[in-house]
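A.B. asks: This is the structure I want to talk about, given as C-alpha cells.
The values are calculated or read from the model by the stated rules, or taken from the named source; none is laboratory data. Because the structure is predicted, anything quoted here is derived from the model rather than measured. Ideal geometry is used to build each Cβ from the backbone, glycine not excepted, and the neighbour counts take in all protein chains shown. When the accessible area is computed, the model is the full protein with side chains, heavy atoms only, and any ligands, DNA or RNA have been set aside. Shrake-Rupley method; radii C 1.70, N 1.55, O 1.52, S 1.80 Å.
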Amino acid sequence: MKKIAVIGLGYVGLPLAAAFGEKREIVGFDINSKRVLQLKDGVDVTQEVSREELSAASGLSFTDNLEGIRDCQIFIVTVPTPIDEFKTPDLTPLVKASETVGQVLKQGDIVIYESTVYPGATEEVCVPVLEKVSGLVFNKDFFAGYSPERINPGDKEHRVTSIIKVTSGSTPDIADEVDALYASVIIAGTHKASSIKVAEAAKVIENTQRDLNIALMNELSMIFSRLKIDTHEVLAAAGTKWNFLPFKPGLVGGHCIGVDPYYLTHKAQAIGYHPEIILSGRRVNDNMGPYAAAELVKAMIKSGHTVASSRVLVMGLTFKENCPDLRNTRVIDVIQELEDFGCSVDVTDCWADNAEAEHEYGISLVESPESGIYDALLLAVPHREYIVRSAQELRAYLKGNGVLFDLKGVLPLGEAELRL
Ligand SMILES: NC(=O)c1ccc[n+]([C@@H]2O[C@H](COP(=O)([O-])OP(=O)(O)OC[C@H]3O[C@@H](n4cnc5c(N)ncnc54)[C@H](O)[C@@H]3O)[C@@H](O)[C@H]2O)c1
C-alpha cells in the first residue's frame, strides 16, 4: 500500500489525515512546528478533530521535517490559498508546498492538490514547480490529481467522510487511482470529474454561487429595511415555495466564500472576460459591515443615545458561529465603522483566542462583560453559548433603553430592535 503525506495540517488537512490514518499509514507534515507539537500531544486547536479521533487514527504520525515524508508516494497538498490586499490570488503557500514536495518527488509518485484554486492553477502553476525542483517530467515520471474539499468548519454533521468528494487525475489511470484512494475513506462516495480543470472549476463555483446568493439576500435586506418590512418574515413566507432557496442575509467572511470568487474572477480577467455579476455580489457583501453599523447607529439615535459617548458590546468576532477561526472575519468591519462613528466598542467571544484577536485585529477581548452598561448590543456571531440565552438575558448587558441588534436574525421575531 502506498504511503501518503498530507502537506498542511489545518482545517482541511488534519481531518483528512485523521480519516486516512484510521485505515493506513499516513504522515501529516506542516511548517508550523508549534502545530505539529500540539498534534503530537493530541491537541487540535481548530477543534475539528477530537483527542479520541486523533488516537483512533493509529496510522497517522506528524512531522515538520522534510525527511519525514521522503518515503511517501502520494502527496496531498492542503495549504491555504488566500488573496492579497488587492484581492488577487496569493499562491505563495501553494508554490512553497510544491517546492517542498518537489524535493522528495520520485518516479511514479502522485501529487494531489486539495486547496481551492482557479481552473488551471494545478497544471499551470503547481506542476511546473514540481517539475523544476524535482527534475522529473509530468505525466511520465510523476502525476497529479485534484480533489477539492467541502468541509464546513464547526459543522459536526457534514464531515470529510460524509460529504461526496470530487476527484480527478492528470491521466485516466491516475484519475481512477485518485478516485479509488478517496473512495476507500469517503463513506458518502466520490464523483470522478473528467479533468483536473473541471474539478478545480467545480469547487470555486460552489462557493461563488453561495456568495452570490447571500449577496442577493443582503441587497433584499437593504431594500426591505427602507420599506420597513422584516427581511426574515419575507424569507419565511417566500420559503414556502418549493424552489425558493433558503439563504439569509449576513456578513460574508472566512477564507472561503468571501475569497474564492476572487480566484475565479482573477482567471476570468486574465483571459479577457470581465465578470460583472460575481464582482457585483462581492461588492454588496463587502459593504455589509459598514451598512450594519450605520443601521445600528440610526437605531441608537432614534432611541435617544448619544452615539459619540456610547458603549457598544459586540458578541462574537469569529467569521462564523461555533468555530474559533478569526481569519477574514467581517465583524471587524462593523466594529471599525462603529468606532468611526465615535462609539466605544467592547468585543467578547467565547470561541476566539484572545492572543490571536489581539495579534490579528488589535482587539483585546472582554471575558465577562459588565451588566447594564451598554447602549447597544450587537449579537454578531450567534455561537451556541449565546443563543441558549433568551433575548431578555442578553438585554441584561444593556442600559434600560439599550438597542439589541440580532444581526443574523436568530432570536424570535420582535425580540430585538434590529436585524438584517
Ligand atoms: N477551512 C475550510 O473550511 C475549507 C473548506 C474547503 C476548502 N478549503 C481550502 O483548503 C485549503 C486549506 O485551507 P485550511 O482552512 O485548511 O487552511 P489552514 O490555514 O487551516 O491550514 C493550512 C495549514 O497549512 C500549513 N502550511 C502553510 N504553508 C505550508 C507549506 N508550505 N508547507 C506545509 N504546510 C504549510 C499551515 O501552517 C496550516 O497549518 C485552502 O485552499 C482553502 O480555501 C478550506
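A.B. asks: How far is helix 196-226 tilted, in degrees, relative to the longest principal axis of the Cα atoms in the chain, given as a value from 0 to 90 rounded to the nearest 10?
C.D. replies: Helix 196-226 sits at roughly 0 degrees to that axis.
A.B. asks: Could you give the angle, 0 to 90 degrees to the nearest 10, between helix 331-340's Cα long axis and the longest principal axis of the Cα atoms of the chain?
C.D. replies: So the helix axis and the longest Cα principal axis differ by about 40 degrees.
A.B. asks: Using a simple charge model, +1 on the beta-carbon of Lys and Arg, -1 on the beta-carbon of Asp and Glu, nothing else, what dipole does the stretch 73-134 show about its Cα centre, in debye to the nearest 20?
C.D. replies: With only Lys, Arg, Asp and Glu charged at Cβ, the dipole is about 160 debye.
A.B. asks: Same structure again: In whole percent, how big is the carbon plus sulfur part of the accessible area of the stretch 234-378, probe 1.4 Å, protein atoms only?
C.D. replies: Ligands and nucleic acids excluded, carbon and sulfur reach 53 percent.
A.B. asks: What number does the stretch 81-219 give for Rg over Rh if you use C-alpha atoms and the Kirkwood radius?
C.D. replies: Taking Rh as the inverse mean 1/r over Cα pairs, Rg/Rh reads 1.00.
A.B. asks: Based on the Cβ-Cβ distance from residue 236 to residue 158, what FRET efficiency comes out when R0 is 30 Å, to the nearest 0.05?
C.D. replies: 0.80
A.B. asks: Stretch residue 187-residue 23 to full length: gain in nm at 0.36 nm per residue minus the Cα-Cα span?
C.D. replies: 57.8 nm
A.B. asks: Go through 323, 217, 49 and say which Cα lies farthest out towards the positive end of the charge dipole of the chain; charges sit on Cβ, +1 for Lys and Arg, -1 for Asp and Glu.
C.D. replies: 217
A.B. asks: Continuing with this model, one more query. Among 59, 108, 19, whose Cα projects farthest towards the positive end of the dipole of the stretch 1-114, with charges put on the beta-carbon of Lys, Arg (+1) and Asp, Glu (-1)?
C.D. replies: Of the options given, the answer is 108.
A.B. asks: Additional query: Placing unit charges on C-beta atoms (Lys and Arg positive, Asp and Glu negative, everything else neutral), compute the dipole magnitude of the stretch 170-302 about its Cα centre in debye, rounded to 20.
C.D. replies: Value, rounded to 20: 680 debye.
A.B. asks: Given C-alpha coordinates of the stretch 40-97, what is the ratio Rg to Rh with the Kirkwood estimate of Rh?
C.D. replies: Across the stretch 40-97, the Cα-based Rg/Rh ratio is 1.06.
A.B. asks: Among 410, 138, 242, pick out the residue whose Cα is farthest towards the positive end of the charge dipole of the chain, where Lys and Arg carry +1 and Asp and Glu carry -1 on C-beta, about the Cα centre.
C.D. replies: 242
A.B. asks: Have a look at 334, 259, 137 and tell me which one the Gaussian network model of the chain (Cα, springs below 10 Å) gives the largest fluctuation.
C.D. replies: Of 334, 259, 137, the most mobile in the Gaussian network model is 137.
A.B. asks: What dipole magnitude, in Debye to the nearest 20, does the chain give about its Cα centre under +1 on Lys/Arg Cβ and -1 on Asp/Glu Cβ?
C.D. replies: The dipole of the chain has a size of about 800 debye.
A.B. asks: Output the relative contact order of the stretch 24-162, whole-number percent, from Cα pairs under 8 angstrom with separation of 6+ residues.
C.D. replies: In percent, rounded to a whole number, it is 21.
A.B. asks: OK, next. Could you tell me what percent of the accessible area of the stretch 10-59 is made up of carbon and sulfur, with a 1.4 Å probe and every protein chain present?
C.D. replies: Carbon-and-sulfur percentage of accessible area, whole number: 51.
A.B. asks: Could you identify which residue out of 409, 108, 258 has the top mean-square fluctuation in a GNM of the chain using Cα springs shorter than 10 Å?
C.D. replies: In this elastic network of the chain, the residue with the biggest mean-square fluctuation among 409, 108, 258 is 108.
A.B. asks: Please report the relative contact order for the stretch 196-282, taking Cα pairs under 8 Å with a sequence separation of at least 6, and give it as a percent rounded to a whole number.
C.D. replies: Contact order relative to length: 41 percent.
A.B. asks: Using 23 Å as the Cα-Cα cut-off, could you pick out the over-long pairs in 87/203; 40/165; 2/23?
C.D. replies: 40/165
A.B. asks: Just to make sure I understand: if all protein chains stay in place, what is the order of 216, 16 by accessible area at 1.4 Å, largest first?
C.D. replies: So, going from the largest accessible area down, we get 216, 16.
A.B. asks: Using a cut-off of 13 Å between alpha-carbon atoms, which aspartates and glutamates can reach residue 302, once sequence neighbours fewer than 8 places away in the same chain are excluded?
C.D. replies: The qualifying aspartates and glutamates are 375, 417.
A.B. asks: Taking the solvent-accessible surface of protein heavy atoms with a 1.4 Å probe, what is the per residue accessible area of the chain in Å²?
C.D. replies: Accessible surface, normalised per residue, equals 45 Å².
A.B. asks: Sorted by packing (mean other beta-carbon atoms within 10 Å per residue), highest first, where do 223-231, 145-153, 274-282 land?
C.D. replies: 145-153, 274-282, 223-231
A.B. asks: Another question, if that's okay. Around residue 321, under 11 Å between beta carbons, what's the net of Lys plus Arg minus Asp minus Glu among the other residues?
C.D. replies: Here the charged neighbours net out to -1.
A.B. asks: Select from 263, 397, 113 the residue whose mean-square fluctuation is largest in a Gaussian network model of the chain (Cα-Cα springs shorter than 10 Å).
C.D. replies: Answer for the Gaussian network model of the chain: 397.
A.B. asks: How much length is gained if the chain between residue 392 and residue 86 is pulled fully straight, taking 0.36 nm per residue apart and subtracting their Cα-Cα distance, in nm to one decimal?
C.D. replies: Using 0.36 nm per residue and subtracting the Cα-Cα distance, I get 105.9 nm.
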